[in-house]
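Single-structure report; data block below.
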Amino acid sequence: MIAEEIRRITEALPEGVRLVAVSKYHPAEAIREAYAAGQRLFGESHAQELQGKYTELAGLDGLEWHFIGHLQTNKVKYIAPYVGLIHSADSPRLLEEVNKQALKAGRIIRCLLQLHVAEEETKFGFTPDEALEYLDSGAWQQLAGVQLAGVMAMGTNTDDTARIRDDFRRARLFYERARHDYFASEAATASEAGATFSELSMGMSDDWHIAVDCGSTLIRIGTQIFGQRQYI
Ligand SMILES: *Cc1c(COP(=O)(O)O)cnc(C)c1O
């Protein structure tokens, strides 16, 4: 089941789009099964759960862990030594704490700005205006332990696919603009423009086809691969 779903999804992905298998609330055994099917990239949304799985599965070569959920500042220390990408950098304060813990661990941690484009009222994420203001402030350039690597967004939770497409389009536009305005000058050549700011994380089990259409480079799929989560 798990292997078959992973194959089905990865075969449908255009080149340059990667699958993050979202294993939150699923046991290490499910991750081993996905690993055996060739999956290496996994996403978790609770720091302590990730910490436990990281330890338990340390023997699996080439595993890459991404953090995708809301991250409390006091939990950053648990994941800083090994996390590959934090999709959900949703405030300047969190980025400052990631920077602090990254430097402590002797690392540079790649982070995506979580952009709030969906219709829902949520506390988390930068609005496009706030994100531009933050980029404009230059504060992120002082964070030697953080590399801003792109943008993450969630579509509105609705059956209205036009609405979801609209959310993803706005995230894409923001991403392109940020890449052009703030990251192009780092590159040596035009073809490398924005090379470090290169990820657009959008798409979950119900909307990843739309997200890929809209230019996603990382899709985050849980339920379609692992089935319903057991919230205990
Ligand atoms: C849980 C979660 C997912 C996966 O959702 P599914 O609908 O199970 O595919 C993706 N992104 C984030 C941020 C999540 O918290």
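The values are calculated or read from the model by the stated rules, or taken from the named source; none is laboratory data. On a predicted model such as this, the values are computed, not experimentally measured, just so you know. All Cβ positions, even for glycine, are placed from backbone atoms using ideal geometry, and neighbour counts span all protein chains on display. What goes into the accessible areas is simple: the full protein's heavy atoms, side chains included, and nothing from ligands, DNA or RNA. Shrake-Rupley method; radii C 1.70, N 1.55, O 1.52, S 1.80 Å.
Points worth noting:
- The residue of the stretch 4-25 that is least open to solvent (accessible area, probe 1.4 Å), among those that are under 17 Å from Asp206 (Cβ atoms) and assigned to a helix (DSSP H, G or I), is Ile9.
- Matching residues, the stretch 51-77, being assigned to a loop (DSSP other than H, G, I, E, B), of a type in the set (A, V, I, L, M) and away from the ligand (no atom under 16 Å from the Cβ): Leu57, Ala58, Leu60, Leu63
- Residue selection: Glu192 fails the criterion of being charged (D, E, K, R), closer than 24 Å to Arg18 by Cα and at pLDDT 95 or above.
- Long-range neighbours under 7 Å by Cβ, at least six apart or interchain, first residue farther than 14 Å from Leu173 by Cα and near the ligand (Cβ under 8 Å from one of its atoms) within the stretch 192-205, second at pLDDT 95 or above and basic (Lys, Arg): Met204/Arg220
- Residue match in the stretch 89-111 (condition: under 22 Å from Asp166 (Cβ atoms), of a type outside the set (Ser, Thr, Tyr), open to solvent by 60 Å² or more (accessible area, probe 1.4 Å) and part of a loop (DSSP other than H, G, I, E, B)): no
- Every condition in (1) within 14 Å of the ligand (Cβ to nearest atom); (2) open to solvent by 10 Å² or more (accessible area, probe 1.4 Å) holds for Gln48 except the one numbered (1).
- Taken over the stretch 24-46, the residue count meeting the criterion of being among the acidic types (Asp, Glu) and out of contact with any helix residue (DSSP H, G or I) (no Cβ under 9 Å at 6 or more places or on another chain) is 1.
- Complete set of residues in the stretch 209-223 that are surrounded by 17 or more Cβ atoms within 10 Å (Cβ to Cβ) and within 8 Å of the ligand (Cβ to nearest atom): Arg220, Ile221, Gly222
- First in the stretch 206-232 and within 21 Å of Leu113 (Cα to Cα), second anywhere and within 8 Å of the ligand (Cβ to nearest atom) and assigned to a loop (DSSP other than H, G, I, E, B), Cβ under 6 Å, 6 or more apart: Arg220/Ile68; Arg220/Met204; Ile221/Ser205
- Odd one out for Pro81, checked against (1) in contact with a Lys or Arg (Cβ under 6 Å, 6 or more places away or on another chain); (2) part of a loop (DSSP other than H, G, I, E, B): (1)
- Any hit, the stretch 137-146, residues being without any contact (Cβ under 8 Å) to a residue 40 or more places away in the chain, assigned to a loop (DSSP other than H, G, I, E, B) and open to solvent by 20 Å² or more (accessible area, probe 1.4 Å): no
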